[in-house]
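Working notes, beginning with the structure itself.
The values are calculated or read from the model by the stated rules, or taken from the named source; none is laboratory data. Only a predicted model underlies this, so the values are computations on that prediction, with no experimental measurement involved. Please note: Cβ atoms are built from the backbone with ideal geometry, for glycine as well, and neighbour counts cover all protein chains shown. For accessibility, only protein heavy atoms count, side chains too; no ligands or nucleic acids. Shrake-Rupley method; radii C 1.70, N 1.55, O 1.52, S 1.80 Å.
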Amino acid sequence: MEESGRVIYETLVSPTDLTPVLEALAQTNGCLEQLHADVSLTFLAVVLLIGVILGCAIGFMFSRIWQV
């Protein structure tokens, strides 16, 4: 029997269960959404604090100008 030099590879493919990966991604997505909400609220708080400080400074400045 003459061989043609070809090699046939057979691979056994086991079914891959991606359920744990999808659950981990869903949990990570939930954590990232919570982090985004926390960062947004922190940014809002900082902006409001700066606005209050600037408002007080401008009000104090106007009251000093109009006292003269």
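When ligands, DNA and RNA are left out and all protein chains stay put, how many square angstrom of accessible area per residue does the chain have with a 1.4 Å probe?
Heavy-atom accessible area per residue stands at 103 Å².
Would you mind telling me which residue in THR11, THR19, THR28 has the biggest mean-square fluctuation in a Gaussian network model of the chain, where springs connect alpha carbons within a distance under 10 angstrom?
The residue that fluctuates most here is THR11.
Once you put a point 7 Å from the Cα of SER40 and another 7 Å from the Cα of GLU23, both along the Cβ direction, what distance in nm separates them?
The answer from the label model is 2.9 nm.
For the chain, take the longest principal axis of its alpha carbons; what is the angle in degrees between that and the long axis of helix 19-67, to the nearest 10 within 0 to 90?
10
At 7 Å along Cα-to-Cβ for each site, give me the label-to-label distance between LEU32 and VAL47 in nm.
2.3
How big is the Cα convex hull of the chain in projection, averaged over all directions, in nm²?
For the Cα atoms of the chain, the hull's average projected area reads 10.3 nm².
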